Amino acid sequence: MDEGTDEAQPSVARRAAERRVTAPGLRARKAKGEKIVMVTVYDYPSALLAEQAGVDCLLVGDSVATTVQGHSNTLPVTLDEMIYHVRMVRRGTNRALLIADFPFGSYQTGADEAIRSAVRLMKEGGAEAVKLEGGSPVFESVRRMTEAGIPVMGHLGLTPQSVNLLGGHKVQGRDDASAERMLADALGLQEAGAFALILETIPASLAASITAALAIPTVGIGAGAECDGQVQVWHDLLGLFPGKTFRHAKQYAQLGLAAEAALRSYSDEVRQGRFPTKEQDF
Ligand code: KIV
């Protein structure tokens, strides 16, 4: 038996490897009509929870700038900061595909810069794939990264790094011309080698047409139910910011309120001398 092949792996390890979600595996899922579940995560405990819940893909999104760092948009987060978060997520990830977002300013000058940034996200962070925003201006970068062995996910529609150009976080692809451009961009990204596409905040009918036209899967956020999968932002999904709701998101829990109530109980008990008790004594 050749020690360098999968044949040499003990069967438990081989079976674990077979269960892992991979970039090419996502394309096979689309062909079988199996939905893809993706969530953004930014640290070790959230990665563990998402893994235990059976989520397929963990995206360390540049939304970390707004959800964790407290900025008003995604532009300020740096490549070093993204790598720091990807590393934490890596330690909690086992079966899911770990995708790292390129932050603004880490790929816009061209393919060489994109490859350098992707290599850092993969070597230093442990990402298995990368994601960038945009259409035709990034085709060459997607092609060159794919040729270099880097799985790349595209992102069309509302691309938050272009918020200043778009004039805000607005629905995209509403008129015929921009819808046609988006479909052409989606086909171009597929042709360049992208293994999947995020479609963000576009009409559901346009997302359905793009999804039908592609062999690679689409993962939607605010893009209707016809996408091949869905992605949600961790803090929106779990209701971590009480009172902050978005039309594209659904709160499956109100953890922000639960955390606030727990912290209030703790504060009351400390102030009233009810915590700690003998139970916590040594
Ligand atoms: O950064 C992010 O969280 C994203 C998702 C919204 C797709 O790009």
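The values are calculated or read from the model by the stated rules, or taken from the named source; none is laboratory data. In this text the structure is predicted, and so the values were computed from the model without any measurement. With ideal geometry, Cβ positions are generated from the backbone for all residues, glycine too; neighbour counts draw on all protein chains shown. Quick note on the areas: whole protein, heavy atoms, side chains included, nothing else; ligands and nucleic acids left out. Shrake-Rupley method; radii C 1.70, N 1.55, O 1.52, S 1.80 Å.
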For the chain, longest principal axis from Cα atoms; helix 79-92 axis from its Cα atoms; angle between them, nearest 10 degrees, is 70 degrees
Comparing ALA100, ALA65, ALA194 in a Gaussian network model of the chain (Cα, 10 Å), the one with the largest mean-square fluctuation is ALA65
Quick calc, TYR44 & GLU269: beta-carbon distance into FRET formula, R0 41 Å, rounding 0.05, result 0.90
Heavy-atom accessible area per residue of the chain, all protein chains kept, 1.4 Å probe, expressed in Å², is 52 Å²
Carbon plus sulfur, as percent of the 1.4 Å-probe accessible area of the stretch 24-118, comes to 54 percent
Residue separation between ALA204 and THR146 times 0.36 nm, minus their alpha-carbon distance, gives in nm 18.0 nm
Counting Lys and Arg as +1 and Asp and Glu as -1 over every other residue whose Cβ sits under 9 Å from the Cβ of ASP101, the net charge comes to -1
Measuring from the longest principal axis of the C-alpha atoms of the chain, the long axis of helix 111-123 (C-alpha) lies at a number of degrees, nearest 10, equal to 40 degrees
Counting only protein heavy atoms and leaving out ligands, DNA and RNA, the solvent-accessible surface of MET153 at a 1.4 Å probe, in Å² to the nearest 10, equals 0 Å²
The summed charge of the ALA50 Cβ neighbourhood (under 12 Å; Lys/Arg +1, Asp/Glu -1) stands at -2
Computed from the beta carbon distance with a Förster radius of 45 Å, FRET efficiency for SER136 and GLN254 to the nearest 0.05 stands at 0.60
Across SER267, SER205, SER178, the residue with the highest GNM fluctuation in the chain (Cα network, 10 Å cutoff) is SER267
Summing -39500 (n - 2.57) over every DSSP H run of at least 4 residues in the chain and dividing by its residue count gives a helix-only mean residue ellipticity at 222 nm, to the nearest 500 deg cm²/dmol, of -12500 deg cm²/dmol
Between PHE241 and HIS71, the two model label points (7 Å from Cα along the beta-carbon direction) sit apart by a distance in nm of 1.4 nm
When every protein chain stays in place and a 1.4 Å probe is rolled, LYS278, LYS30, LYS131 sorted by accessible area with the largest first are LYS278, LYS30, LYS131
